[in-house]
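Derivation of every value follows stated rules applied to the coordinates shown; laboratory data play no part. Just so it is clear, the model here is predicted, and its values are computed rather than measured. As a convention, Cβ positions derive from the backbone with ideal geometry for all residues, glycine included, and neighbour counts pool all protein chains shown.
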Amino acid sequence: MPVSAPNSAPAPTASSRATYAWLAALITAVPIIIFAANGTIITLGLCALAAPAWPGCRDALRQLIGTPPGLALCTLAVWIALSISWSAAPADSAITALRLLLLWIVGLAALAGARAYRLPRGAAGALLIAYSAILALYALEIASGGALISLIKQIDPDRFTQFPDAAQREAYRQLLAFNAIGRGGVLLVLLFWPVAALLIDRHPARGKTGLVLALLLGATIFVLLQLPVGAAPLALLAGLAAFGLAFAAPRRLPQFIAIAAAALLLLMPLIAYKIDRPEAFGVEKRSIPPSWQHRIEIWHYTANRITEKPLTGWGFDGARHIDAKATQFVAELPDGSDIAYPNVTLLPLHPHNGALQIWLELGLPGALITAALLLALGFGIAALPLPTSQRAAATAAFTATLCLILLSFGLWQNWWQASFWLLLILFGLASQPTRSRDETDAHPGPPDR
């Protein structure tokens, strides 16, 4: 996920075809984020297709690959390719690695397009409209109890015959409905920050801009609290803290966060091994919700498996093959009893922790390369030639993303990787100077191809 100065590349004007393609990408993102977050990669693909005039984009792409984050990403790709040979299922790992490589190429191309071209003022402002539309649709879904997603997913309460009571069937329908749209809440946390950067840059009047940001923040928090995504509100709060602190230390804070994240990554197996019994920290395990007990047990089990192959790891995407549903998770209840959840094991498809997944699958070399990537990203944010407010928003997005990576989702999931690239692309757009109508008319740009 390379980060470099968005304005360092040449900035030819964009063609009208590219402008409409960027707008189509933003509009497409609205229903995808809510109703089919797995399809985020579609939006990323549209952004890549929107990159006009390949020669300019090609130069920007070369610059990106030559940056410290780009070099770290390429090194990680090489190590991933090597690790496939000792994976438990080399064929499956190779297919996943190929998808990941293609996604990275698409992401780099889209980011290069965002760096190489300045979009018209209306195209940049579309980001704010798109985000507001997402919030509005979420509000409708919350008010209706997930009626539209139930229609899309064909979640019919009459199918749940295991519940004899109609009210129970309806409650279960709403539970499934909100689970189906919950993943988009995580994307809201990430998208909030480029929207904030865009608002601050385009509307510097502090009073009005602050009010709009406060309203957007309040609406976002309201939506997140209605969705079953416990990590999302925490990540948003961490981002807010970083945003505020960044005004006091605009360059040092992203560097500090990167150093802390790299150190946490390298120490994560030891930390995960030690938290198996929360009593050591003065917390009764039985008082913790079963979902968090499960997370703790997953991390401890993963730390044990890391010690078996600390140098090479188990191979890329090997986490899903290590346990093979052999170990049963048992939750401890406050009344002193235990409960075993059917088909809930100590290592599902991934450890629900990006740092542990890197260690588990790619070993020490993978951890060192990823730590270098984090340092390059943090120091890259600090070096961006941006106003303090925009750098603070970038630092907040970096912090929120790290929180989510450490708590949720498999690191190699296509939609999750696509979300990282979209975040970078949107920051690239939000940080660009926009063209006026007069400038657009005077410099019509390259012809459509």
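Need one number: the % of Cα-Cα pairs in region 342-433 sitting beyond the 23 Å mark.
Details: 1380 of 4186 pairs.
Here the tail beyond 23 Å accounts for 33 percent of pairs.
Peptides 158-166, 398-406, 360-368: what's the order by average Cβ count within 10 Å, highest mean first?
Packing proxy ranking, top to bottom: 398-406, 360-368, 158-166.
Output needed for region 347-387: three equivalent-ellipsoid semi-axes, defined as square roots of 5 times the C-alpha gyration tensor eigenvalues, in descending order, whole Å.
Values: eigenvalues 156, 30, 4 Å².
The equivalent ellipsoid of region 347-387 has semi-axes of 28, 12, 4 Å.
With all pairs of different alpha carbon atoms counted, what Kirkwood hydrodynamic radius in Å does region 148-236 show?
On the way: mean 1/r = 0.0658 Å⁻¹.
Here the Kirkwood hydrodynamic radius works out to 15.2 Å.
Residue by residue through region 182-197, what is 3J(HN,Hα) from phi via Karplus (6.51 cos²θ - 1.76 cosθ + 1.60, θ = phi - 60°)? Round to whole Hz and write x for glycine and proline.
The phi angles translate into x, 4, x, x, 5, 5, 4, 4, 6, 6, 4, 6, x, 5, 4, 4 Hz.
How would you rank 103-112, 235-244, 350-359, highest first, on the average number of other Cβ atoms within 10 Å across their residues? Walk me through the numbers before you get to the answer.
Working: 103-112: 22.7, 235-244: 19.8, 350-359: 25.1.
Those peptides, ordered most packed to least, come out 350-359, 103-112, 235-244.
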